[in-house]
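S.K.: This structure is in structure tokens; I'll ask about it shortly.
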Amino acid sequence: MPPKVAVKPLPKRGGLLAGVSDNLAALMIGIKYFLNPKRFSIYYPKEYPELRKGYRGFIILNKQKCISCAACARICPSAAMKMIRVPVPHPKEPEKTVMKQFPVINYQRCIFCGYCVDICPTEALYHVNYHDIVYENLAEMFWDLDTFQKEPEYPTAEEGIPVRLMIHEEYGLLKVPAREKQG
Amino acid sequence: MSVLDTVASLIFYPPIWQLLILGFGGALVVAMVAVWFERKAAARVQRRIGPYWASPRLGGLMHLMADMLRYAFQQVVIPRTVDFWPFIAAPIFGMALSILPFAVTPLTSNPNFWPLPPALMEYSLLVALAITTLPPIFIIVSGWAANNPFTIIGGVREAFIILSYELIAILSLFAPAVAVGSLNIVDIVQAQGLVKWFIVLNPLAFLAAILAVAMSTSAFPFEIPESEPEVVAGPFTEYSGILYALNMGGAYMRRFVFGLLISLMFLGGWYPIVPGEGFILGYALPSLVVVVKAVVVVLAISFLRAIYGRYRLDQALDMAWRLVLPLTLAGILLALVEAYLGIF
């Protein structure tokens with residue numbers, strides 16, 4: 001025996017007055033937001049979203065902590081990270097040099113997944129909280145060992161003011177300046 | 001008579017001046033402002049920015065200029081499968097017929113500045129309304145000639161929408177003529193005077209007229225023939241470049257024409273200014289008042305994009321035949337009662 005079909009009653013259609021009042025309410029909402037929009041779009045180069053600590057932006061190497069385990073190069077899903085061999089002074093006999101492996105990164109391939117930072121046993125890799133940087137040619141996106149140790153310049157922060165989106169009871173999202181104005 | 005005089009007399013020859021210079025040029029500017037306002041208003045209500053970076057001080061108005069230039073110089077791609085001559089001719093004829101009602105719409109009561117001789121102005125409302133019914137035919141033609149499922153569906157939708165709005169548009173704009181007892185636009189505006197505007201005396205017909213204009217120019221709750229998520233661009237899917245601009249601009253031109261008619265019929269025309277003698281008092285100021293009222297109507301209809309979704313075709317037809325047509329007939333009845341009471 002098939003299961004009994006439960007018939008839901010259709011929601012009652014409003015009459016003419018309900019239709020008129022609904023349309024008027026919609027118009028009033030439209031006019032309210034038209035007069036006081038409280039936009040949450042970010043005027044990008046003038047304003048920029050300030051991202052929190054822990055945002056997966058550019059990856060920087062702290063060379064002193066690196067133990068050459070190559071875990072980062074092995075975990076990298078897009079093969080952006082490679083190990084290179086670099087001569088470094090021997091730890092006990094300073095006049096000798098030994099070859100040691102360090103990671104370098106190719107930002108043409110990097111997908112900013114952060115696996116390398118997560119797997120690094122000595123926290124030698126870390127993120128900075130921005131990733132909107134433009135390069136003029138592709139060759140600049142290969143980072144050698146020296147570039148990999150410096151945090152890149154962030155021109156957006158010099159031109160724009162940081163803003164942050166916060167949740168508001170009435171408006172849902174609201175755009176507020178991220179920091180107090182200085183001076 | 002020098003060449004300059006000839007050129008000047010040709011430019012200021014009333015039909016050419018009113019139809020081409022004021023009609024086409026002015027309507028182009030109004031269409032640009034209407035498109036810009038539509039985008040900015042929708043963005044404001046949805047708390048976005050809209051066009052901005054092209055000219056931040058003007059609020060992105062130059063963006064529309066760039067759009068227009070792009071349409072003007074884009075390559076016109078004509079697919080091999082289309083029916084060539086109707087495909088080319090339909091947007092051109094549609095645009096020409098869209099701006100033709102300017103040639104019979106008086107913008108002042110001074111007979112020196114009427115676009116037609118006074119004897120021909122007797123039936124100006126009838127002629128203007130008759131011409132406004134023609135351009136949709138060319139939308140259907142362009143949909144059929146493009147020979148593509150999307151365009152044909154769009155054309156059929158346009159045909160359904162025409163069936164529903166045409167009667168409402170004509171009857172609702174006739175209500176003031178019924179009350180006044182004249183088909184001359186100038187007589188109707190003069191009868192309204194300073195206070196007896198038909199938006200107050202006959203709000204039913206005014207509401208019906210606004211709804212009919214929204215339907216006829218595919219303003220938002222009735223943007224059914226060229227609804228983007230369903231049929232790509234409706235009848236205009238295969239068009240590109242200047243032909244597409246003519247097609248899309250035609251809708252805004254018709255919206256402006258209907259706006260002019262509504263501002264003359266319902267909003268008191270050139271009042272509160274009483275036209276006098278001379279160019280400034282007799283033509284420039286009154287026509288400016290009429291155009292400003294028309295632009296307000298156009299922008300109000302464009303504002304609906306920000307708040308409404310899109311009706312289904314059957315919902316729009318249902319609303320038009322079961323709700324708006326009785327509203328229009330009630331408006332006509334109200335006009336008859338007013339004529340019987342002798343308000344005018």
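Nothing in this text is a laboratory measurement; each read-out follows from the coordinates by a stated rule. The structure displayed is predicted, hence computed values, not measured ones. Counting neighbours? That spans all protein chains shown, and the Cβs are built from the backbone with ideal geometry, glycine included.
S.K.: Can you list the DSSP H helices in chain B whose Cα atoms extend at least 30 Å along the helix axis and whose mean Kyte-Doolittle hydropathy is 0.0 or higher? Working shown, then result.
M.R.: On the way: long enough: B:149-180 (47 Å, 1.66); B:241-265 (36 Å, 1.18).
Answer set is B:149-180, B:241-265.
S.K.: What net charge do the residues around B:L285 carry, taking every other residue with its C-beta under 14 Å from that of B:L285, with Lys and Arg at +1 and Asp and Glu at -1? Spell out each step's value before the answer.
M.R.: Numbers: positive: B:K293; negative: B:E277.
Residues close to B:L285 contribute a combined charge of 0.
S.K.: Go through A:K32/A:K175; A:K32/B:K196; A:K8/A:K32; A:K82/A:K150; A:K65/A:K92; A:K32/B:K293 and tell me which ones have a Cα-Cα distance over 27 Å in this structure. Walk me through the numbers before you get to the answer.
M.R.: Numbers: A:K32/A:K175 18 Å; A:K32/B:K196 31 Å; A:K8/A:K32 37 Å; A:K82/A:K150 18 Å; A:K65/A:K92 18 Å; A:K32/B:K293 23 Å.
Too far apart for the 27 Å limit: A:K32/B:K196; A:K8/A:K32.
S.K.: Quick check: pseudo-label points 7 Å beyond the Cα along Cα→Cβ at B:W53 and A:D118, how many nm apart are they?
M.R.: Between B:W53 and A:D118, the label points sit 3.3 nm apart.
S.K.: With chain B treated as a Gaussian network of Cα nodes joined by springs under 10 Å, which of B:S55, B:S216, B:S164 yields the largest mean-square fluctuation?
M.R.: Among B:S55, B:S216, B:S164, the largest mean-square fluctuation in the Gaussian network model of chain B belongs to B:S55.
S.K.: Another one. So, counting K/R as plus one and D/E as minus one, what does the shell of residues with Cβ under 10 Å around A:S68 add up to? All intermediate terms of the calculation are to be shown ahead of the outcome.
M.R.: On the way: positive: A:R85, A:K100; negative: none.
Net of charged neighbours comes to +2.
S.K.: Quick one: which of A:97-103, B:78-84, B:297-303 comes out on top by average Cβ neighbours within 10 Å, and what's the full order, highest first? Could the numbers behind the result be given before it?
M.R.: On the way: A:97-103: 16.0, B:78-84: 12.4, B:297-303: 21.7.
Ranked by mean Cβ neighbours within 10 Å, highest first: B:297-303, A:97-103, B:78-84.
S.K.: While we're here: Any cysteines in the protein assembly as shown with zero other Cys Cβ atoms under 4.7 Å from their Cβ? List them, or say none.
M.R.: A:C66, A:C69, A:C76, A:C110, A:C113, A:C120
S.K.: Arranged from highest to lowest average of other beta-carbon atoms within 10 Å per residue, in what order do the peptides B:98-105, B:112-119, B:60-67 appear? Show your work: numbers first, answer last.
M.R.: Working: B:98-105: 23.5, B:112-119: 15.0, B:60-67: 17.0.
Highest mean packing first, the order is B:98-105, B:60-67, B:112-119.
S.K.: Setting aside same-chain residues fewer than 8 positions from A:K12, which lysines have a Cα under 26 Å from its Cα?
M.R.: Answer for A:K12, where 26 Å is the Cα cut-off: A:K4, listed by chain and number.
S.K.: In deg cm²/dmol and to the nearest 500, what is the mean residue ellipticity at 222 nm of chain A if only DSSP H runs of at least 4 residues count, each as -39500 (n - 2.57), divided by the residue total?
M.R.: On the way: 5 runs with 39 residues, N = 183.
Value at 222 nm, helices only, nearest 500: -5500 deg cm²/dmol.
S.K.: Placing unit charges on C-beta atoms (Lys and Arg positive, Asp and Glu negative, everything else neutral), compute the dipole magnitude of region B:3-341 about its Cα centre in debye, rounded to 20.
M.R.: On the way: 17 positive and 17 negative charges, 198 e Å.
Using Cβ point charges on Lys, Arg, Asp and Glu, region B:3-341 gives about 960 debye.
S.K.: Something else now. In deg cm²/dmol and to the nearest 500, what is the mean residue ellipticity at 222 nm of chain B if only DSSP H runs of at least 4 residues count, each as -39500 (n - 2.57), divided by the residue total?
M.R.: On the way: 14 runs with 203 residues, N = 344.
Here the helix-only value at 222 nm equals -19000 deg cm²/dmol.
S.K.: Moving on to the next point. So, with +1 on the Cβ of K and R and -1 on the Cβ of D and E, and no other charges, what is the size of the charge dipole of region B:187-262 about its Cα centre, to the nearest 20 debye?
M.R.: Working: 3 positive and 6 negative charges, 84 e Å.
Result for region B:187-262 is approximately 400 debye, rounded to the nearest 20.
S.K.: I'd like to know how chain B sits against the 2.2 N^0.38 Å rule of thumb: what's its Cα Rg over that expected value? Provide the component values of the computation, followed by the final result.
M.R.: Working: Rg = 20.4 Å, N = 344, 2.2 N^0.38 = 20.2 Å.
It is 1.01.
S.K.: Taking R0 as 51 Å, what's the FRET efficiency between A:L17 and A:R74 from their Cβ-Cβ distance, rounded to 0.05?
M.R.: Details: r = 70 Å, r/R0 = 1.37.
My answer for the efficiency is 0.15.
S.K.: Return one number: the angle in degrees, 0 to 90 and rounded to the nearest 10, between the long axis of the Cα atoms of helix A:16-35 and the longest principal axis of the Cα atoms of chain A.
M.R.: The angle comes out at about 40 degrees.
S.K.: Considering the alpha-carbon set of the protein assembly as shown alone, what are its Rg and its Dmax in angstrom?
M.R.: When restricted to the Cα atoms of the protein assembly as shown, Rg and Dmax are 32.5, 116 Å.
S.K.: Another one. Quick one: if you stick a label point 7 Å off each Cα along the C-beta vector at B:V274 and B:A159, how many nm between them?
M.R.: Calculated label separation equals 5.3 nm.
S.K.: Mind giving me the FRET efficiency for A:V128 and A:L35? R0 is 56 Å, r the Cβ-Cβ distance, nearest 0.05 is fine. List each step's numbers first, then the result.
M.R.: Numbers: r = 41 Å, r/R0 = 0.73.
FRET efficiency, A:V128 to A:L35: 0.85.
S.K.: Suppose R0 equals 51 Å; then what is the FRET efficiency for B:Y13 and A:I167 from their Cβ-Cβ distance, rounded to the nearest 0.05? Could you put the intermediate results ahead of the total?
M.R.: On the way: r = 64 Å, r/R0 = 1.25.
Between B:Y13 and A:I167 the formula returns 0.20.
S.K.: Between beta-carbons, use under 12 Å as the cut-off and find the net charge around B:E158, counting Lys and Arg +1, Asp and Glu -1.
M.R.: Working: positive: B:R157; negative: B:E166, B:E223, B:E226.
Around B:E158, the surrounding residues sum to -2.
S.K.: Still on this structure: Which whole number in µm²/s is D for region A:59-154 by Stokes-Einstein, with the Kirkwood Rh taken over Cα pairs at 20 °C and 1.002 mPa s? Don't skip to the end; give the middle numbers.
M.R.: On the way: Rh = 14.2 Å.
This corresponds to a translational diffusion coefficient of 151 µm²/s.
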